[in-house]
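*Asks:* Attaching a single structure in structure tokens format; questions to follow.
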Amino acid sequence: MEKTLYTVIVFSENRPGLLNQVSIIFSRRQLNIESLTVSASSIEGVHKFTITVYTDEEEIDKVVKQIEKRIDVLKAYYYTDDEVIYQEVALYKVDTESILESDEIEQLVRKYNARFLEITRTFSVIEMTGHTDEIKELYYALDKFGVKQYVRSGRIAITKSTSELLSKFLSEREEEAKG
Amino acid sequence: MSQSQISGSQALMRAFVAEGVETIFGYPGGAIMPVYDALYDFHDKMRHILVRHEQGAVHAAQGYSRVTGKTGVVIVTSGPAATNVITGVADAMIDSTPMVVVCGQVVASLLATDAFQETDVVGITQPITKWSYQIRSAAEIPWAVARAFYIAREGRPGPVVLDLTKNAQIELMNFHYEPCTFIRSFIPTPPIDEQTVSDAAALINQAKKPFALVGQGVILGNAEDELLAMLEKAQIPAAWTLLGLSAMPTDHPLNKGMLGMHGNYGCNIKTNECDVLIAIGMRFDDRVTSKLATYAKQAKIIHFDIDIAEINKNVKADVAVLGNSKETIAAVTKQLQPARHDEWISSFDSYAKIEYDEVIKEEVDPSTPDIKMGEVISKVSEATGHKAICVTDVGQNQMMGARYFKFSQTRSMVTSGGLGTMGFGLPAAIGAKIGAPHRTVCLFCGDGGIQMTIQELGTILQENIGVKIIVLNNHFLGMVRQWQEMFFDERYSFTNMKNPDFVAVAKAYGINGKCVSTHEELDHAIAEMVSNDDPYLLEVRIEPKGMVLPMVPAGADITDVRLK
């Protein structure tokens, strides 16, 4: 079956051990997590996982149901790339000398909408946000001058829907708790 | 320190009392000693059963839960005790048995130092529990215990593990207990969608050949009456998963028998002939469906379940009715028109006859001197007026128990279905008898399985638990041997067993028993066994190479039923 990159967004209570509970659901199916970002969400006390994984719709549907079944998970959703706005951030370390030698690196930085984060006498750090392929492109372009270090974050994503689904869920649950 | 403060261990005891706990299965040890010390003062409120191995405690709690519907409670210490309960916890998870297991843990300051008898219990149990939580301070105990019972019991039931550090058992705290009634991240029972109810009813109303496949969800939802009303109103024949057995009396005309690998001939054939397949509280296990690619493709599928994750997991549903089976079945039944499907229902008969002639007749009433497994089970069932609880171990004894024991009331079949845990039987039977002291509890086990937890005879001795233990001894790991005969060119690789004198072993534990090898001896011994409520061990020397038939080979079409 055709494999698609899915973005799974999980909202959970902020309790220890949640990451393990979520990740074993993937590993049990031999699904390799492409990227994983965990942080506090915009709602106080709620944690957000953004996970990308290549699989098919039938499988991702089952995975998301199993994630949501975990007691401390509030909600879990999955999206294809056209349903979310997403971004990654990357840092590239290059020799300052190679920046000074020509204006090629500066032009690359302009072209890719990247920026200099730090410039010291010996090395400089360039930062770029974008999609995986753009970030990789810049890496290959910079590597002609020698990239000393390169790191890439996992994906963060925001849905295209107008309302925050989780807020609706939480307010519904609040009503049920009262009543 | 104020006078009203109590220790964490006392808080645990009070919380148990508040949750209505009457029976605890357990085994003390270093990291749980403060709890056992507190239990000393509560022994008049709660009965503690001292098992002989922690695995026995969990299986006993499972047996207790399965016959009572209550949440089984287990207390053990840390480290090896916690790892010894793992099998039972995994078993309870896959068979949806509500259970709360409290494991001791080293003091919080020693966590993650590889302290004596420390193990990462939460890490190990997360994949096999509904919830697993480490309690590090006494103040958390009431909250965590309330939550544990709520989670274990509500929705699709399952096991919860509480990993209780020793310091939390000792610390003082102000006790205040409030049962848990709500967790915002946990919706145990999905609300009923009226649309799915009417869609399901419409499908059943237009069905010419409806067929209900019933699982444990009906028993867990206490929906036996509602199910019967539905089946009778629309005249729907029904078949059972292993764990659904006993939800409906065996002799009901709409009860067509068991599904799956060793199920009844007609039930498997008709699965691929029905036009509407109504799955209720079952999860389309591979032992029920066999090859999915050819499974019930002709039928519209209606799937009743409380767990949304079961929908479309193995078999795609045309209509999924989510909710508690007691409510959903009643809601659908209300919209059903009374119907008759006489021809369809009687079409099961020819298969039943073939199965009877070719398999059952000889199995329950053998023409040869050797005793057969089906014969033993059928005679024991008969001797108890078909009113007993049937507990099995795993393997041929289990399939034979399921096939030949007859049920007249619900919650009468206790077996390890999903996990297939050998060694489950003896402790589960102990738990079942404790949960249902006025009923006869018959355990059928093999010579292999009983030796996996045979130490629990000591529990029977100590508590005088009137379990009837029937050891079907063929000196083989029978089911594996059967597969070796059928699929491995009769290469009997390590399935032959040299066994102890089981009756002598029982005697050593003060349990009466007999070993029989003829049909007549069997009859007399069964009569003796059921004449009182004492524990009894009946060793039956059965034919060495008995087979469980019919059989659908693993991975074959469900209609590929082998009768010999």
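The values are calculated or read from the model by the stated rules, or taken from the named source; none is laboratory data. Note that the coordinates shown come from a computational prediction; the quantities given were computed from them, not determined experimentally. Glycine gets a Cβ as well: all are built from the backbone with ideal geometry, and neighbour counts include every protein chain shown.
*Asks:* Does any residue in the range A:103-118 that is among the charged types (D, E, K, R) come within less than 7 Å, Cβ to Cβ, of a residue that is at pLDDT 95 or above and exposed (fewer than 12 other Cβ atoms within 10 Å of the Cβ) six or more places away or on a different chain, and which pairs are these?
*Replies:* none
*Asks:* Still on this structure, I have one more. For a quick check of your reading of the model, give me the residue pairs whose first member lies in the range A:14-42 and is under 21 Å from residue A:71 (Cβ atoms), whose second is surrounded by fewer than 12 Cβ atoms within 10 Å (Cβ to Cβ) and among the small types (Gly, Ala, Ser), with beta-carbon atoms closer than 8 Å and at least 6 apart or on different chains.
*Replies:* Partner pairs satisfying both residue conditions: A:14/A:40; A:14/A:45.
*Asks:* Would you check if residue B:172 is in contact with a strand residue (DSSP E or B) (Cβ under 9 Å, 6 or more places away or on another chain), surrounded by fewer than 18 Cβ atoms within 10 Å (Cβ to Cβ) and within 13 Å of another protein chain (Cβ to nearest Cβ)? Don't jump to the end; show me each part of the working.
*Replies:* Numbers: in contact with a strand residue (DSSP E or B) (Cβ under 9 Å, 6 or more places away or on another chain): yes; surrounded by fewer than 18 Cβ atoms within 10 Å (Cβ to Cβ): yes; within 13 Å of another protein chain (Cβ to nearest Cβ): no.
Judged against the criteria, residue B:172 is not a match.
*Asks:* Of B:82, B:92, which residue is over 16 Å from residue B:30 (Cβ atoms), away from chain A (no Cβ under 14 Å) and not charged (D, E, K, R)? Break it down into steps so the answer makes sense when it comes.
*Replies:* Values: B:82 fails: over 16 Å from residue B:30 (Cβ atoms).
So the residue among B:82, B:92 that is over 16 Å from residue B:30 (Cβ atoms), away from chain A (no Cβ under 14 Å) and not charged (D, E, K, R) is B:92.
*Asks:* Within the range A:10-40, how many residues turn out to be at the interface with chain B (Cβ under 10 Å from one of its Cβ atoms), buried (at least 19 other Cβ atoms within 10 Å of the Cβ) and of a type outside the set (A, V, I, L, M)?
*Replies:* Number satisfying all stated conditions: 3.
*Asks:* Please verify whether residue B:139 is surrounded by fewer than 18 Cβ atoms within 10 Å (Cβ to Cβ), assigned by TED's automatic domain parsing to the domain that holds residue B:25 and either over 29 Å from residue A:65 (Cβ atoms) or out of contact with any Leu (no Cβ under 7 Å at 6 or more places or on another chain) (or both), treating the condition exactly as stated.
*Replies:* Working: surrounded by fewer than 18 Cβ atoms within 10 Å (Cβ to Cβ): yes; assigned by TED's automatic domain parsing to the domain that holds residue B:25: yes; either over 29 Å from residue A:65 (Cβ atoms) or out of contact with any Leu (no Cβ under 7 Å at 6 or more places or on another chain) (or both): yes.
Yes, satisfied.
*Asks:* Separate question: Can you name the residue in the range B:296-319 that is in contact (Cβ under 8 Å) with a residue 60 or more places away in the chain, closer than 11 Å to residue B:282 by Cα and not aromatic (Phe, Trp, Tyr) and, of all such residues, is nearest to the other protein chains (Cβ to nearest Cβ)?
*Replies:* Across the range B:296-319, the extreme among qualifying residues is B:307.
*Asks:* So which helices (runs of 4 or more DSSP H) stay within the range B:417-502 end to end and still have 3 or more residues that are aliphatic (A, V, I, L, M) and buried (at least 24 other Cβ atoms within 10 Å of the Cβ)? Don't jump to the end; show me each part of the working.
*Replies:* Numbers: elements: B:425-435, B:447-450, B:457-463, B:478-487.
Correct list: B:425-435.
*Asks:* Residue check, residue B:75 against (1) outside any helix (DSSP H, G or I); (2) surrounded by fewer than 24 Cβ atoms within 10 Å (Cβ to Cβ); (3) hydrophobic (A, V, I, L, M, F, W, C), all met but one. Which one?
*Replies:* With (1) outside any helix (DSSP H, G or I); (2) surrounded by fewer than 24 Cβ atoms within 10 Å (Cβ to Cβ); (3) hydrophobic (A, V, I, L, M, F, W, C) applied to residue B:75, the lone miss is (2).
*Asks:* Residues in the range A:141-148: is at least one touching a Gly at 6+ places or on another chain (Cβ under 7 Å), over 25 Å from residue A:10 (Cα atoms) and surrounded by 13 or more Cβ atoms within 10 Å (Cβ to Cβ)? Steps first, answer last, please.
*Replies:* Looking only at the range A:141-148, we keep the residues that are touching a Gly at 6+ places or on another chain (Cβ under 7 Å), and these are none.
Looking through the range A:141-148, none of the residues is touching a Gly at 6+ places or on another chain (Cβ under 7 Å), over 25 Å from residue A:10 (Cα atoms) and surrounded by 13 or more Cβ atoms within 10 Å (Cβ to Cβ).
*Asks:* On to the next question. If I filter the range B:191-200 for residues that are in contact (Cβ under 8 Å) with a residue 60 or more places away in the chain, touching a Leu at 6+ places or on another chain (Cβ under 7 Å) and within 13 Å of chain A (Cβ to nearest Cβ), do I get at least one hit?
*Replies:* No.
*Asks:* Let me ask something else. Which number in (1) farther than 21 Å from residue B:388 by Cβ; (2) out of contact with any Leu (no Cβ under 8 Å at 6 or more places or on another chain) marks the one condition that residue B:503 misses?
*Replies:* For residue B:503, the failing item is (2).
Conditions tested, residue by residue: (1) of a type outside the set (Ser, Thr, Tyr); (2) not in a helix (DSSP H, G or I).
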| residue | (1), (2) |
| --- | --- |
| A:25 | yes, no |
| A:44 | yes, yes |
| A:49 | yes, yes |
| A:52 | no, yes |
| A:58 | yes, no |
| A:64 | yes, no |
| A:68 | yes, no |
| A:76 | yes, yes |
| A:82 | yes, no |
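*Asks:* Any residue in the range B:396-414 that is over 21 Å from residue B:530 (Cα atoms), surrounded by fewer than 24 Cβ atoms within 10 Å (Cβ to Cβ) and hydrophobic (A, V, I, L, M, F, W, C)?
*Replies:* no
*Asks:* Please go through the range B:1-28 and give me each residue that is out of contact with any Pro (no Cβ under 8 Å at 6 or more places or on another chain) and either part of a strand (DSSP E or B) or over 23 Å from residue B:71 (Cα atoms) (or both), ordered by number.
*Replies:* B:1, B:2, B:3, B:4, B:5, B:6, B:23, B:24, B:25, B:26
*Asks:* Which pairs turn up if I take residues in the range A:148-173 that are away from every other protein chain (no Cβ under 14 Å) and look for partners that are loosely packed, with under 12 Cβ neighbours inside 10 Å and part of a strand (DSSP E or B) with beta carbon separation below 9 Å, at least 6 apart in sequence or on another chain?
*Replies:* A:156/A:39; A:157/A:85; A:158/A:85; A:159/A:85; A:160/A:85
*Asks:* Another question, if that's okay. In this structure, does residue A:177 turn out to be small (Gly, Ala, Ser) and away from every other protein chain (no Cβ under 14 Å)?
*Replies:* Details: small (Gly, Ala, Ser): yes; away from every other protein chain (no Cβ under 14 Å): no.
No; evaluated as a whole, the condition is false for this residue.
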